[in-house]
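Enquirer: This structure is in structure tokens; I'll ask about it shortly.
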Amino acid sequence: MQRQTYGQSPPLHHPVPQHVSTVPQLRSPPPLTSQPQSQGYDGSPYQQQHQAQGQPGIAGNMFGQYGNFINDPTAQLASQFGQTALRQGQDYLERNVNRLVNVSALKHYFTVTNSYVINKLFLVLFPWRHKPWTRRQASGGGNGFLPPRDDINSPDMYIPVMSVVTYIFLRSLIAGLQGKFQPEIFGNTALTALGVVIIELLGLKAGTYILNISNQSQLLDLIAYSGYKFVGVIVTISISEIVSGGKGTGGWVGWTLFIYTFLANSLFLMRSLKYVLLPENNEASRDPMQSMHPLESRANKSKRTKFLFIYSYIVQLFLMWILTRA
């Protein structure tokens, strides 16, 4: 039986899918279009910022939902409220602090320079040949004096404050080198130093009140002068510990240094506090009509001189002994 031949092959039929495919069709990104040269783009961030502001879509894509946070009315209101509260807090603090302490007068005592600090430390430790001791008044006249940076005889608070801090750390360092350090040493040493200063100031104020001594800057001056003793105390403790090998200030080296620094500090206070505790000469020269009787003035000067001597020598001897032996 012969096979029947066909002139053409029958068409092929491909199966048709019964479910529609849900696979998304991927498309290539559009080609980048170069900006025209007429815009003058130079790559600066400021121009990019302006372009981003002109195209909200770009800013939204870059920062998302936080793109317009600065322009949010709630954020602006919160910022204004915070600035107002901060300004009111600063004004309230300044008003209440000025009631207790004159900040502008206090800044006068911290107007120092490096050369002043060095010369003042040298003066406190070696006051024997220093002249003159009188303070220089400001060019404006009145009772104002030049700041410390312009007058070596002017008291400052930078050296006393730093001396107290150095004394506290020096005591803690020595205790650590001796293996006796405890955290309470910082607090105990600070209380001892501040207690000595407070007792000294109370005694000075009581003496000035009894002797009827008044001065515009008296309290701040007395606070400044009460801190200079720590310079001699630090020198005594440091050199004694180094020379004696950590045995303290009880040897002959410690006592020698203590006597020297005590005498130097006493002479320094005796010369410097004349214008605070003995001001009647200057007042009489400025207003002769209100000057006291010569005998009364001489008696008051004698009392004030004795008070100055007791404070400069006897009181300082006792206080410096406590600080060096604490």
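The values are calculated or read from the model by the stated rules, or taken from the named source; none is laboratory data. If you're wondering where the values come from, they're calculated on a predicted model, not measured in any experiment. Here the Cβ is made from the backbone with ideal geometry for all residues, glycine too, and neighbour counts use every protein chain on show. Protein only, heavy atoms only, side chains kept; ligands, DNA and RNA dropped before computing areas. Shrake-Rupley method; radii C 1.70, N 1.55, O 1.52, S 1.80 Å.
Enquirer: What is the number of the single condition among (1) part of a helix (DSSP H, G or I); (2) touching a residue at least 60 places away in the same chain (Cβ under 8 Å); (3) of a type in the set (A, V, I, L, M) that ILE213 does not meet?
Expert: (1)
Enquirer: With the requirement that a residue be free of Cβ contacts under 8 Å to residues at least 12 places away in the same chain and of a type outside the set (A, V, I, L, M), what does region 161-199 give you?
Expert: PHE169, GLY176, GLY179, LYS180, PHE181, GLN182, PRO183, GLU184, GLY187, ASN188, GLY195
Enquirer: Got at least one residue in region 194-201 being over 24 Å from the mean Cα position of the chain (by Cα) and outside any loop (DSSP other than H, G, I, E, B)?
Expert: We begin by selecting, within region 194-201, every residue over 24 Å from the mean Cα position of the chain (by Cα); these are 199-200.
Narrowing further to those that are outside any loop (DSSP other than H, G, I, E, B): 199-200.
Yes, the conditions are met somewhere in region 194-201.
Enquirer: Something else about it: Quick one: how many residues across region 216-231 are closer than 30 Å to SER244 by Cβ and not in a helix (DSSP H, G or I)?
Expert: 2
Enquirer: Here's something else I'd like to know. Of the numbered conditions (1) surrounded by fewer than 13 Cβ atoms within 10 Å (Cβ to Cβ); (2) part of a loop (DSSP other than H, G, I, E, B), GLY176 fails exactly one; give the number of that condition.
Expert: (2)
Enquirer: Could you list, in sequence order, all residues of region 296-326 that are open to solvent by 60 Å² or more (accessible area, probe 1.4 Å), closer than 15 Å to THR192 by Cα and at pLDDT 90 or above?
Expert: PHE318, TRP321 - these are the residues of region 296-326 that are open to solvent by 60 Å² or more (accessible area, probe 1.4 Å), closer than 15 Å to THR192 by Cα and at pLDDT 90 or above.
Enquirer: Considering only region 91-112, I want to know if a residue exists there that is open to solvent by less than 100 Å² (accessible area, probe 1.4 Å), assigned to a helix (DSSP H, G or I), over 23 Å from LEU219 (Cα atoms) and modelled with pLDDT under 75.
Expert: Yes: region 91-112 contains one or more residues that are open to solvent by less than 100 Å² (accessible area, probe 1.4 Å), assigned to a helix (DSSP H, G or I), over 23 Å from LEU219 (Cα atoms) and modelled with pLDDT under 75.
Enquirer: Would you pick out the residues in region 242-276 that are over 33 Å from the mean Cα position of the chain (by Cα) and surrounded by 17 or more Cβ atoms within 10 Å (Cβ to Cβ)?
Expert: Once the filter is applied, which keeps residues that are over 33 Å from the mean Cα position of the chain (by Cα) and surrounded by 17 or more Cβ atoms within 10 Å (Cβ to Cβ), region 242-276 yields VAL253, GLY254.
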